Amino acid sequence: MDEEDLQPQHKPAKPKDLTLLSIAELENYILGLETEIARAREEIAAAGGDAGTRLIVLDAAVMLEAGWNNVCDRLVYVHVPREARLKRLAAGRGWDPKEVEEREGAQRSLTEKATRAGDAVDNSGSPAEVQRQVDDLLAQWGLAP
């Protein structure tokens, strides 16, 4: 599987301010989100039915809010210190600290997410350090390559 396979296929672009949209524009935005969610559910169901599939990973900041945790066997909390999170989101998505705060404010607290997860990964180090932690988890779960 390539990195591009892990990305949403038709993720609707989020307008800067949803309060400025007309009802029709907001409905269209919501329809786009619902379409993406339905597509993801179909792909997960198809992969889960494939005997060759050993692992499906969902990366969702709103995992608990959306109820995705109800279709998962395991939850892993990925910790990133606030400053690193802000820097990564600014570089990768163009979000300023205010937008990050607003988005995080609409989600469960980091403490609750960490508490609800059965395992955790510290994503403050190098990619090799994160990979080692993931490999350790896969070994614990009997899924090591």
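Quick note: the coordinates plus some simple rules give every number you see, no bench work behind them. Everything numeric in this text was worked out from a predicted model, so none of it was measured. Quick reminder, even Gly has a Cβ in these numbers, built from the backbone with ideal geometry, and neighbours come from all protein chains shown.
Please find, in a Gaussian network model of the chain (springs between Cα atoms separated by less than 10 Å), the residue of 124, 22, 109 whose mean-square fluctuation is greatest.
Between 124, 22, 109, it is 22 that shows the largest mean-square fluctuation.
Simple spin-label model, 7 Å along Cα-to-Cβ: residue 54 to residue 28 in nm?
4.5 nm
7 Å from Cα along Cα→Cβ at both residue 122 and residue 106: what's the point-to-point distance in nm?
The answer from the label model is 3.2 nm.
Angle, helix 23-48 long axis vs. longest principal axis of the chain, Cα atoms, 0 to 90°, nearest 10?
Around 20 degrees separate the two axes.
Filter the trypsin sites (Lys or Arg not before Pro) in the range 83-145 down to the DSSP loop ones having no more than 16 other Cβ atoms within 10 Å, then list what survives.
Listed in order of number, the matching sites are 108.
Extent of the range 33-145 along each principal axis, from alpha carbon coordinates, in Å, largest to smallest?
44, 36, 26
From the backbone phi of the range 119-136, what are the Karplus-calculated ³J(HN,Hα) couplings (6.51 cos²θ - 1.76 cosθ + 1.60, θ = phi - 60°) in whole Hz, Gly and Pro given as x?
Couplings: 9, 9, 10, 8, 9, 8, x, 6, x, 5, 5, 5, 4, 4, 5, 5, 4, 4 Hz.
Using θ = phi - 60° and the Karplus form 6.51 cos²θ - 1.76 cosθ + 1.60, what ³J(HN,Hα) does each residue of the range 96-107 get, whole Hz, x for Gly and Pro?
Along the range 96-107, the couplings run 8, x, 5, 5, 4, 4, 5, 5, 5, x, 8, 10 Hz.
Compute the projected area of the convex hull of the Cα atoms of the range 34-82, averaged over all viewing directions, and report it in nm² to one decimal place.
4.3 nm²
How far, in nm, would the chain grow between residue 87 and residue 65 when pulled straight, counting 0.36 nm per residue and subtracting the alpha carbon separation?
Fully extending the segment from residue 87 to residue 65 adds 5.4 nm.
Could you line up 76, 121 from fewest to most neighbouring Cβ atoms inside 10 Å?
Result, fewest neighbours first: 76, 121.
Work out the charge dipole of the chain with +1 on the Cβ of Lys and Arg and -1 on the Cβ of Asp and Glu about the Cα centre, then indicate which of 142, 35, 100 is farthest towards its positive end.
Going by the Cα projections, it comes out as 100.
Relative to the Cα centre, what is the charge dipole magnitude of the chain, using +1 at the beta carbon of each Lys and Arg, -1 at the beta carbon of each Asp and Glu, and rounding to the nearest 20 debye?
Taking the Cα centre of the chain as origin, the dipole is about 340 debye.
So, in nm, how far is label residue 80 from label residue 129 when the simple model puts each one 7 Å beyond its Cα toward the Cβ?
Modelled inter-label distance: 1.5 nm.
Mind telling me which of 26, 75, 58 comes out most flexible in a GNM of the chain, alpha-carbon contacts under 10 Å?
26
Name the residue, out of 23, 56, 44, whose mean-square fluctuation peaks in a Gaussian network model built on the chain with Cα pairs under 10 Å.
Of the options given, 23 has the highest mean-square fluctuation.
Amide H to amide H under 5 Å from residue 78: which residues, 5+ apart in sequence or cross-chain, H placed 1.01 Å off N in plane?
Result for residue 78 returns 121.
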